[in-house]
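For reference, the structure is listed below as structure tokens.
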């Protein structure tokens, strides 16, 4: 049995663009290491990694999957992650749970959008990075050209440690350039030059070896291998490996290489947490230290219920332990704890730093939660997730389902930080937001399967606002006689624009008691009740001042109710005379896409009423920053993917409100009136 101490645990995330063969590598690696009787197959629905029903149906990864196993004398937690940006939240949650990221690149398709994103994300987390070129057995593979593209995109630190022996249908193996001897027949690339470059990268990470090398002394293979792990951990060497997973070529060799050089939980990136006094405490992977763990995945099993995945950074966690949830300050008691092998779990009695485990039926735990000892509270930094971009309004198909829908959506949102639900105050719509229409469709399919409830969807209403553009006055006398005590209240109002974002300001300018002071709040209340359903189109009214400056009252018939009515009616008259306009929400958008699409993208943004604010180059990717109406951005995701063949993506956040152009305003008002009718 392999050592499960922190210094021997190897936590690795397999990341990269969608469809490059990450899951195929994992399935075949498990078979090659003798951990599975046969290699799973995504297309046949037998993958050990893509075991979720939605993954089997769609034939791509939707969630992260952990495999705990022993190989080459080390204990591995190998995590397969989704590659499509639609499910980027699951991958983002995994990176803080590992010390190494293996970035998969298809030998045929080369470097793609999410390749760059995963490279940057892994670097931001301080992880050791390696590149795995997959699908060497594909047609039209140009391996040496791909190596050049990798170095151009990610730097000269990227050096091939494996070279293929043949490519395409001729692919028969891989060779490690650090091995002694001559190049095997059929090797693709300069074997001697590649070996020398890797040796130099390793030597650069060690001052003693560098001094020895510069003095002309021979640096032996044993010395190089001892230093290899440090070079990878410090990033002076980014190994480029390669494989043809379906043929199990290069698969076992890749696992052996990870065992030899991937940093352990005790050697990798140093993590820290804040203690109760707000001081930063380094987590040294000490089994005797203060307990600190984090939730990086939450899912629901049809039979078990809620399953929570934890990465332990410090201290020791035993079964049936009492731990503190730092978000709430409350203590919870864990039951059984398990190591994870895909869909299977194996009970263990305790976990040490570096371990990745699961617990069940702890309803209080949420994604990103820090778990610590009640005696030594700690809090880890918040995780960083991409912002969801696409929204749909959800409606129940029967009134009896409304409660089930809310419960189900909340349950789904617990396990996916990029899936959000909200109730729009103005429209009372239940809105779900995700990374794309595909993401939302899969979440709604899960809602049906797990909670047996169906919904209908439509595009959400845009949260327009109303305001005024000039000063105006209004007057209303409310007088009503019904046989007994009457109703009387007269109000004169003046309205004027306020600064954007300053909201509503009420001003009392009454002099001489023409309206008694006890009725002034009723006038303000009458105005405020009108604001939620604006006179122009029924949207909330914002950013104006209203001053009550004159009026009259009756000693017997005046009342708060009368002045509330008079205030609301006087405001309506003044408002309609004050140049009312609609305001629309504007978002700040950043579009990321290869340079060759820039002309089409700038043209499409202009067609969506966007205003270009600037452009930047990030490697082969261009970034366009613009301000765009949120109404136009609703349908931009699908358009951008179509325009760029899936290579474009964007981020979007609300920025400010601005006046709707006159020609569009009349259309919006007419549409709103039609819906009311």
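Here, each number is a calculation from the coordinates, and none is a lab measurement. No experiment lies behind these values; they were computed from the predicted model shown. Counting neighbours? That spans all protein chains shown, and the Cβs are built from the backbone with ideal geometry, glycine included.
Between residue 675 and residue 269, residue separation times 0.36 nm minus the direct Cα-Cα distance comes to 140.5 nm.
Show log10 I(q)/I(0) for region 14-68 at q = 0.13, 0.26 Å⁻¹, two decimals, from a solvent-free Debye sum over equal Cα scatterers. Cα-only, vacuum Debye calculation for region 14-68: -0.27, -1.08. Helix 662-676 and the long axis of the chain differ in direction by around 80°, with both axes built from C-alpha atoms. The calculated FRET efficiency for the pair residue 557 and residue 410, based on their C-beta separation and a Förster distance of 41 Å, comes to about 0.20.
Taking label points 7 Å from Cα along the Cα-to-Cβ direction, residue 284 and residue 469 give a separation of 6.8 nm. Computing FRET efficiency as 1/(1 + (r/R0)^6) for residue 196 and residue 549, where r is the C-beta to C-beta distance and R0 is 60 Å, gives about 0.10. A crude spin-label estimate for the pair residue 615 and residue 477, with each label 7 Å from Cα along the Cβ direction, gives 6.6 nm. Report the paramagnetic label zone for residue 504: residues of region 533-554 whose backbone N is under 15 Å from a point 7 Å from Cα along the Cα-to-Cβ axis. Counting backbone N atoms under 15 Å from the label point, the list is 533-548.
Of the residues 391, 642, the one with the fewest other Cβ atoms within 10 Å heads the list, and the complete ranking is 642, 391. Relative to one another, the C-alpha centroids of region 279-343 and region 175-208 are positioned 42 Å apart.
In terms of the ratio Rg/(2.2 N^0.38 Å) built on C-alpha atoms, what value belongs to region 466-579?
Relative to the rule-of-thumb radius for its length, region 466-579 sits at 1.04.
Can you give the FRET efficiency for residue 395 and residue 604, using 1/(1 + (r/R0)^6), R0 = 41 Å, r = Cβ-Cβ distance, to the nearest 0.05? The computed FRET efficiency comes out at 0.85. Taken along the Cα-to-beta-carbon direction at a fixed 7 Å, the label points for residue 223 and residue 514 span 9.8 nm.
So how tilted is helix 191-204 from the main axis of the chain? Cα-based, degrees 0 to 90, rounded to 10. Long axis of 191-204 versus the principal axis of the chain: about 70 degrees.
Annotation for region 398-430 versus region 457-503: alpha-carbon center distance of 33 Å. Multiplying the residue separation of residue 437 and residue 458 by 0.36 nm and removing their Cα-Cα distance gives an extension gain of 6.4 nm. Taken over the Cα atoms of region 265-371, the convex hull encloses 100 Å³ per residue. Structural descriptor for the chain: relative contact order 10 percent, calculated from alpha carbon pairs under 8 angstrom and at least 6 residues apart. Taking 11 Å as the cut-off, no amide N atom of region 111-144 comes nearer than this to a point 7 Å along the Cα-to-beta-carbon line of residue 653. Spatial offset of region 508-537 relative to region 1-46 amounts to 69 Å, using the alpha carbon center of each.
For a footprinting-style exposure proxy, rank 604, 169 by other Cβ within 10 Å, fewest first.
169, 604
The angle between the Cα long axis of helix 143-154 and the main principal axis of the chain comes to about 50°, on a 0 to 90 degree scale. Here the gap between residue 533 and residue 170, fully extended at 0.36 nm per residue and compared with their Cα-Cα distance, gives a gain of 123.6 nm. Taking the helices alone, the chain has a mean residue ellipticity at 222 nm of -8500 deg cm²/dmol, built from -39,500 (n - 2.57) per DSSP H run of at least 4 residues and averaged over all its residues.
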